[in-house]
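Presented below is the structure to which this report refers.
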Amino acid sequence: MKKLYKLLIVLLTFAGGASVITSCTKEAQKPAAASSNPIADKLDPDSAKGGAALILTGSGLGQIQSVVFETGNVPAPFNTVLNTDKALIFRVPDTANGGKQNIIITNKLGKQLKVPFTVIALPVISSVSNYNFTSGTSITIAGNNLGDVTSVKFVGSNDAITIVSKSKKELVITMPANSSVLGAPLIITNSTGPVTTTQVFENLDKAYKIFTDDYGTDGWANNSWGPATISATVSKSGTKSFAATYAKGNWSQDGFSNWSNGFASNPSYKYLTFWLKGASEDYTLYITGDKRAGGFGNSDVSAPITVPANVWTYFKIPLTTLDLWNKGTPFNQLGFWIKGPNDQDETFYFDDVLIVNQ
């Protein structure tokens, strides 16, 4: 009973209840001495994520000097005050590498214990360099636990996605040739297991194109009130973008039209997507269309988008929200208008303006 009570005191202290020891301990105790024969009986739990608390029980566990997760030689934080002859409490480092490995525990005499453990470290995806791809497109994925990735594939497809390079924080992949995928998330698998990305990657060869490196092939063209043109200055994919300039003090719209064919309502298409590089400061643009309820021009404010300054931002907007066919089908005009700008002319760059299925 006394042993259980002491262990409870240690646990409470580890969780932040240091006052419990102060009130229950009558005098300071000397630390347990290091043993020439430390013995580990149980590690609880035997698998966990970064940040989880672990309890090692056994005998001769005094004066531990270091706790290291073997894969990558990653040290674990622990408080020597909480180290007793019978127990050691420490945490899985947030930087620990995933998979099965030993935890190497060394005491003051240099004696070591190797305790088997599994670090649960599924891939974490924080950002991607692009959501759109064609055959051979290279995409960089940033996140965590990516150094031991063994496979990347599309949900619902076995198309071969090549891993070009990998590190703990970054994964570079090359998209397959002649993929039949319209658009799909990725399944990324490492030594801990698979995760499915929240991001959907769109096949440019299967999407409906309003603008990529050029206007859409079935009749799309420039339909801007101000100066707008295809530009090779910057691009998100390929080599060109659509540069839309808005004159100072002039509420206007820039965008696209297709008077020969337009785009007919089609329930298999779900989203309007595009990349947009912002101007010198944050602005709000408003999406406009000739068959939207608000009509085409610079009065409809029902579909605003916030455009951060000087960076590429990806927009994916449900077609049910935009209601591009409210007044009939097909729609023939798609534009973006601005209130202002007030201080100077501003240029925005559009790339990969698409209508996609997924």
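Only one of 254, 218 is over 17 Å from residue 358 (Cα atoms), modelled with pLDDT under 95 and touching a strand residue (DSSP E or B) at 6+ places or on another chain (Cβ under 9 Å); which?
218 is the lone residue from the list that is over 17 Å from residue 358 (Cα atoms), modelled with pLDDT under 95 and touching a strand residue (DSSP E or B) at 6+ places or on another chain (Cβ under 9 Å).
This table checks each residue for (1) in contact with a strand residue (DSSP E or B) (Cβ under 6 Å, 6 or more places away or on another chain); (2) open to solvent by 50 Å² or more (accessible area, probe 1.4 Å); (3) modelled with pLDDT under 95.
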position: 128; (1), (2), (3): yes, no, no
position: 147; (1), (2), (3): yes, no, yes
position: 159; (1), (2), (3): no, no, yes
position: 165; (1), (2), (3): yes, yes, no
position: 170; (1), (2), (3): yes, yes, no
position: 177; (1), (2), (3): no, yes, yes
position: 180; (1), (2), (3): no, yes, yes
position: 184; (1), (2), (3): yes, no, no
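Name the strands (runs of 3 or more DSSP E) wholly within region 272-358 that hold at least 2 residues that are touching a Phe, Trp or Tyr at 6+ places or on another chain (Cβ under 9 Å), within 16 Å of residue 253 (Cβ to Cβ) and at pLDDT 95 or above? Let's see the steps before the verdict.
Numbers: elements: 283-289, 304-307, 312-318, 333-338, 346-356.
Of the strands (runs of 3 or more DSSP E) lying wholly inside region 272-358, those with at least 2 residues that are touching a Phe, Trp or Tyr at 6+ places or on another chain (Cβ under 9 Å), within 16 Å of residue 253 (Cβ to Cβ) and at pLDDT 95 or above span 283-289, 304-307, 333-338, 346-356.
Which of the residues that make up region 146-190 are of a type in the set (Lys, Arg) and within 23 Å of residue 206 (Cα to Cα)?
Scanning region 146-190 gives a single hit, 153.
Determine whether region 66-85 contains at least one residue that is of a type in the set (Phe, Trp, Tyr) and modelled with pLDDT of 95 or more. Spell out the reasoning first.
Step one: list which residues in region 66-85 are of a type in the set (Phe, Trp, Tyr), which gives 69, 78.
Among the residues that remain, those that are also modelled with pLDDT of 95 or more are: 69.
Yes; the residues of region 66-85 include at least one that is of a type in the set (Phe, Trp, Tyr) and modelled with pLDDT of 95 or more.
Return a yes/no flag: does region 231-243 have any residue that is at pLDDT below 95 and either in a strand (DSSP E or B) or open to solvent by 50 Å² or more (accessible area, probe 1.4 Å) (or both).
Checked against the condition, which is being at pLDDT below 95 and either in a strand (DSSP E or B) or open to solvent by 50 Å² or more (accessible area, probe 1.4 Å) (or both), region 231-243 yields at least one hit.
Please work out which one of (1) in a strand (DSSP E or B); (2) without any contact (Cβ under 8 Å) to a residue 12 or more places away in the chain is the condition residue 126 fails and give its number.
In the conditions (1) in a strand (DSSP E or B); (2) without any contact (Cβ under 8 Å) to a residue 12 or more places away in the chain, residue 126 misses (2) alone.
From the list 281, 346, which one is under 30 Å from residue 133 (Cα atoms) and either more than 30 Å from the chain's Cα centre (by Cα) or of a type in the set (A, V, I, L, M) (or both)?
On the way: 281 fails: either more than 30 Å from the chain's Cα centre (by Cα) or of a type in the set (A, V, I, L, M) (or both).
So the residue among 281, 346 that is under 30 Å from residue 133 (Cα atoms) and either more than 30 Å from the chain's Cα centre (by Cα) or of a type in the set (A, V, I, L, M) (or both) is 346.
At pLDDT below 95, over 22 Å from residue 50 (Cα atoms), part of a loop (DSSP other than H, G, I, E, B) and in contact with a strand residue (DSSP E or B) (Cβ under 8 Å, 6 or more places away or on another chain), is that true of residue 135?
Numbers: at pLDDT below 95: yes; over 22 Å from residue 50 (Cα atoms): yes; part of a loop (DSSP other than H, G, I, E, B): yes; in contact with a strand residue (DSSP E or B) (Cβ under 8 Å, 6 or more places away or on another chain): no.
Answer is no for this residue.
How many residues does region 40-62 contain that are of a type in the set (Ser, Thr, Tyr) and either farther than 26 Å from residue 122 by Cβ or open to solvent by less than 40 Å² (accessible area, probe 1.4 Å) (or both)? Talk me through it step by step, then tell me what you get.
First, the residues of region 40-62 that are of a type in the set (Ser, Thr, Tyr): 47, 57, 59.
The next check asks that each one be either farther than 26 Å from residue 122 by Cβ or open to solvent by less than 40 Å² (accessible area, probe 1.4 Å) (or both); those that pass are 57, 59.
Total satisfying the criteria: 2.
Which numbered condition in (1) touching a residue at least 60 places away in the same chain (Cβ under 8 Å); (2) more than 30 Å from residue 118 (Cα to Cα) is the only one that residue 199 fails?
Condition not satisfied by residue 199: (2).
The values are calculated or read from the model by the stated rules, or taken from the named source; none is laboratory data. In this text the structure is predicted, and so the values were computed from the model without any measurement. Because the Cβ atoms are built from the backbone with ideal geometry, glycine has one as well, and the counts that use them run over all protein chains shown. The accessibility values were calculated without ligands, DNA or RNA, using every heavy atom of the protein model including side chains. Shrake-Rupley method; radii C 1.70, N 1.55, O 1.52, S 1.80 Å.
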